[in-house]
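Here the structure comes first, spelled out in structure tokens, and everything after it is commentary.
The values are calculated or read from the model by the stated rules, or taken from the named source; none is laboratory data. None of these values were measured; they are calculated from a predicted model. Please note: Cβ atoms are built from the backbone with ideal geometry, for glycine as well, and neighbour counts cover all protein chains shown.
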Amino acid sequence: MSPRPDKRVGLDDLAAAIPNRSLLAIPADYSGPAIAATLALLRRGVRDLRLVTAPTSGLQADLLIGAEAVSEIETAGVALGEHGMAHRFRAAISAGTLKIKDATCPALHAGFQAAAKGVPFLPLRGILGSDLLRHRPDWTVIQNPFSEASDPIVLVPAIHPDVALFHAALADRFGNVWVGVRRELLTLAQAARRTLVTVEAIYDGDLLADPVRAAGTIPHLYIEQVALVPGGTKPLAYNGHTPADDAAFERYTEASRSQDGFAALLAEWLA
């Protein structure tokens, strides 16, 4: 049997693997947003990304939107948590320069789950009666075929990202990635055509052969590349590995109130 390939790459090489106009899936702030990789993307001048969030986003989406690298977003919400509104996202929506597909957390999770399972859609009930249905012609209401009584249900189409990008704690050289309890990242990797991951550390061995870690590991067949980037979520905290840099985040919040302020701070972060 031929040896398994080494999937480790440098950060810039990982960022170079995301083409312009990609449908890029990114996780919520609590699931490991790859901020260092996002800045590397912006350094190379990425453009026309279509973002889909799993299921919300914050700083990562706001950075890409403020840098005018995003043409469209599907999301259940973009905000900076306790730091308040995502100002560049809000400004782009207000100006009409960013196309948005409003969604809900369950709908987005259902779309990724459908793609991961290889089915064209999943049914949901919670959207019924909401205004969202008027704005999402791709969400189809049907009669439950297993009920004789009136029983409408919504079909949410599968979401197949071109690329999923996130940060995790650990990977081995084969591309197995340990995510622990963050099972939504496994679903995201299964749904995406390609998955790129930055990690805090490289495990010396095979994670799938570790009886303690194997159950929380995404198998290498779903992962295209991994890059060692300790602190890859800064200034956001990451699961006990990286503390939040509240001072840096507050600077961002204030600077991003205007496009000029955002541009000045982004230039500093990209230097």
Residue under question is V197, and the condition is that it be closer than 13 Å to P33 by Cβ, of a type in the set (A, V, I, L, M, F, W, C), touching a residue at least 60 places away in the same chain (Cβ under 8 Å) and out of contact with any helix residue (DSSP H, G or I) (no Cβ under 6 Å at 6 or more places or on another chain); does it hold? yes
Criterion first (among the polar types (S, T, N, Q), over 30 Å from L170 (Cβ atoms) and in contact (Cβ under 8 Å) with a residue 12 or more places away in the chain) does T104 satisfy it? yes
Given (1) closer than 21 Å to G231 by Cβ; (2) under 16 Å from the mean Cα position of the chain (by Cα), identify the lone condition not met by D172. (2)
Name the residue, out of G84, G111, G77, that is in contact with a helix residue (DSSP H, G or I) (Cβ under 9 Å, 6 or more places away or on another chain) and either exposed (fewer than 15 other Cβ atoms within 10 Å of the Cβ) or at pLDDT below 95 (or both). G84
Name the strands (runs of 3 or more DSSP E) wholly within the range 64-154 that hold at least 2 residues that are within 19 Å of L23 (Cα to Cα)? 70-75, 99-102
Exactly one of these conditions fails for L24: (1) under 27 Å from S130 (Cβ atoms); (2) of a type outside the set (G, A, S); (3) assigned to a helix (DSSP H, G or I). Give me its number. (3)
Scanning the range 6-20 residue by residue, those assigned to a loop (DSSP other than H, G, I, E, B) and either closer than 19 Å to S57 by Cα or touching a helix residue (DSSP H, G or I) at 6+ places or on another chain (Cβ under 9 Å) (or both) turn out to be K7, I18
Checking the condition within 24 Å of A17 (Cβ to Cβ) and either surrounded by 19 or more Cβ atoms within 10 Å (Cβ to Cβ) or in contact (Cβ under 8 Å) with a residue 40 or more places away in the chain (or both), which residue from T38, T56 passes? T38
Check T253, T233 and return the single one that is touching a helix residue (DSSP H, G or I) at 6+ places or on another chain (Cβ under 7 Å) and not in a helix (DSSP H, G or I). T233
Working only within the range 175-190, note down all residues that are of a type in the set (G, A, S) and under 16 Å from the mean Cα position of the chain (by Cα). A189
